[in-house]
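**Q** One structure follows; several queries about it will come next.
The values are calculated or read from the model by the stated rules, or taken from the named source; none is laboratory data. In this text the structure is predicted, and so the values were computed from the model without any measurement. Heads up, the Cβs are rebuilt from the backbone with ideal geometry, glycines too, and the neighbour counts pull from every protein chain shown. Side chains included, ligands, DNA and RNA excluded: accessible areas come from the protein's heavy atoms. Shrake-Rupley method; radii C 1.70, N 1.55, O 1.52, S 1.80 Å.
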Amino acid sequence: MDDFSILLQICVSGAFMGLVYALVAYGFQLTYATSKSINFGQGELVMFSAFCSLTLLDRGVPYGLMIPLGLMIGALLGLIVERAAVRLALEQKSEGWILLSIIVGLFAFSLAENIWGRDDRPFPTPISSDSFSVFGVDVTWLEVSVAIGVFGIMGLIELFKRKTLLGKAFEAVSADRDAAELMGISATRTVMLSYGLSGMVAAVAGILISPITTVGATMAAALVLKAFSVAVVAGLNSGFGVVLVGLALGALENLASLYLGSGWREAPGLILLIMALALRPNGIFGSATIRKV
């Protein structure tokens, strides 16, 4: 294998991991669209949902049944975060949701350690880890399942938002909350919907990434920072943008690890985040915010 083939292999492998960052970032976008708030405990939802899904498998639940049950658990966790950490702060028009969502995330982390322990655990999957070659690049079926899962759940949610009455309510609140309420749409219920969908997205991310990285209480720490970097760099209102930035970040991480050492793997995400905040706060694909004065 020549140097270019090795470089391409490393970029492709990193890009598949970047899709998971994009999916978690998409969860940030869902809640920001309706409430202008972000669940900073989203990474812990990924971790907690993964542990719950693993427990279902350990109890003998078939893999095909575990997936919808895991999604339901993720949606329920998202609703709990909205009710416990977000709703009151939004009603008081304060920024308390920032600290409260972090606290809920820390509580979930502590709860996971006490229930499942601190050791990482393998996540069984019927999907083969064998690889096949595409244009000289080796791709595993697990990586293919990540791509299918990410694009599948994002596509279904976008279809839901555009083709159903509830989805149109979601879009209306995203565009103008006050006008939507004047039209009889409940903004509170729509925010609940966005947090439920965000929790479901977190559950999908946990199910997809766990067979590759194992499940552990600390799995959320680095994941949520990278996902937040993707969301900010892409813009908090561009689903297409988070996919592109996620792919790029995953590839850059692998390149940094190859050329600079594994200790520099986290550097690209932090550098991109700093540059985005300094040069383009609305994100590469985000639209400018117009303020009335």
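**Q** Within region 114-148, take every residue that is without any contact (Cβ under 8 Å) to a residue 60 or more places away in the chain, in contact with a strand residue (DSSP E or B) (Cβ under 9 Å, 6 or more places away or on another chain) and aromatic (F, W, Y) and give me the one that is nearest to L54 (Cα to Cα).
**A** Per the criteria, the residue is W141.
**Q** Select from region 71-97 the residues that are outside any helix (DSSP H, G or I) and open to solvent by 50 Å² or more (accessible area, probe 1.4 Å) and list them in ascending order.
**A** If the condition is that a residue be outside any helix (DSSP H, G or I) and open to solvent by 50 Å² or more (accessible area, probe 1.4 Å), then Q92, K93, E95 are the ones that fit.
**Q** Look through G167, G117, G155 and report the one residue that is open to solvent by less than 50 Å² (accessible area, probe 1.4 Å), of a type outside the set (D, E) and over 17 Å from Q29 (Cβ atoms). I'd like the intermediate steps shown before the answer.
**A** Numbers: G167 fails: over 17 Å from Q29 (Cβ atoms); G155 fails: over 17 Å from Q29 (Cβ atoms).
Answer to the check: G117.
**Q** Can you tell me which residues in region 183-240 are of a type outside the set (A, V, I, L, M, F, W, C), open to solvent by less than 10 Å² (accessible area, probe 1.4 Å) and in a loop (DSSP other than H, G, I, E, B)?
**A** Scanning region 183-240 gives G216, G235.
**Q** Among (1) of a type outside the set (S, T, Y); (2) farther than 16 Å from I207 by Cβ; (3) over 23 Å from the mean Cα position of the chain (by Cα); (4) not in a helix (DSSP H, G or I), which single condition is R118 missing?
**A** If we test R118 against (1) of a type outside the set (S, T, Y); (2) farther than 16 Å from I207 by Cβ; (3) over 23 Å from the mean Cα position of the chain (by Cα); (4) not in a helix (DSSP H, G or I), just (3) comes out false.
**Q** For region 246-262, which residues satisfy the criterion of being within 18 Å of F16 (Cβ to Cβ) and over 13 Å from the mean Cα position of the chain (by Cα)?
**A** Going through region 246-262, the residues within 18 Å of F16 (Cβ to Cβ) turn out to be 246-258.
Once the filter is applied, which keeps residues that are within 18 Å of F16 (Cβ to Cβ) and over 13 Å from the mean Cα position of the chain (by Cα), region 246-262 yields L247, A248, L249, G250, A251, L252, E253, N254, L255, A256, S257, L258.
**Q** So, one more: Tell me, yes or no, whether region 121-130 has at least one residue that is out of contact with any helix residue (DSSP H, G or I) (no Cβ under 8 Å at 6 or more places or on another chain), over 15 Å from T214 (Cα atoms) and exposed (fewer than 14 other Cβ atoms within 10 Å of the Cβ).
**A** no
**Q** Additional query: Take K168 and decide whether it is over 22 Å from the mean Cα position of the chain (by Cα) and not acidic (D, E).
**A** Criteria met by K168.
**Q** Here is a follow-up. Which residues, counting only those in region 18-43, are open to solvent by 30 Å² or more (accessible area, probe 1.4 Å) and either β-branched (V, I, T) or touching a residue at least 12 places away in the same chain (Cβ under 8 Å) (or both)?
**A** Y32, F40
**Q** Now a separate question. It is to be established whether one or more residues within region 255-271 are assigned to a helix (DSSP H, G or I), acidic (D, E) and over 30 Å from G64 (Cβ atoms). Reasoning before the result, please.
**A** To start, the set of residues in region 255-271 that are assigned to a helix (DSSP H, G or I) comprises 255-260, 262-264, 267-271.
Then keep just the ones that are acidic (D, E); that gives none.
Checked against the condition, which is being assigned to a helix (DSSP H, G or I), acidic (D, E) and over 30 Å from G64 (Cβ atoms), region 255-271 yields no hits at all.
**Q** With the structure loaded, tell me whether M219 is touching a Leu at 6+ places or on another chain (Cβ under 7 Å) and under 27 Å from V104 (Cα atoms) or whether it fails that test.
**A** Spelling it out, it is not the case that M219 is touching a Leu at 6+ places or on another chain (Cβ under 7 Å) and under 27 Å from V104 (Cα atoms).
**Q** Give the residue that is surrounded by the most Cβ atoms within 10 Å (Cβ to Cβ), with candidates limited to residues of region 56-65 that are in a helix (DSSP H, G or I) and without any contact (Cβ under 8 Å) to a residue 24 or more places away in the chain.
**A** Taking the candidates together, the pick is L56.
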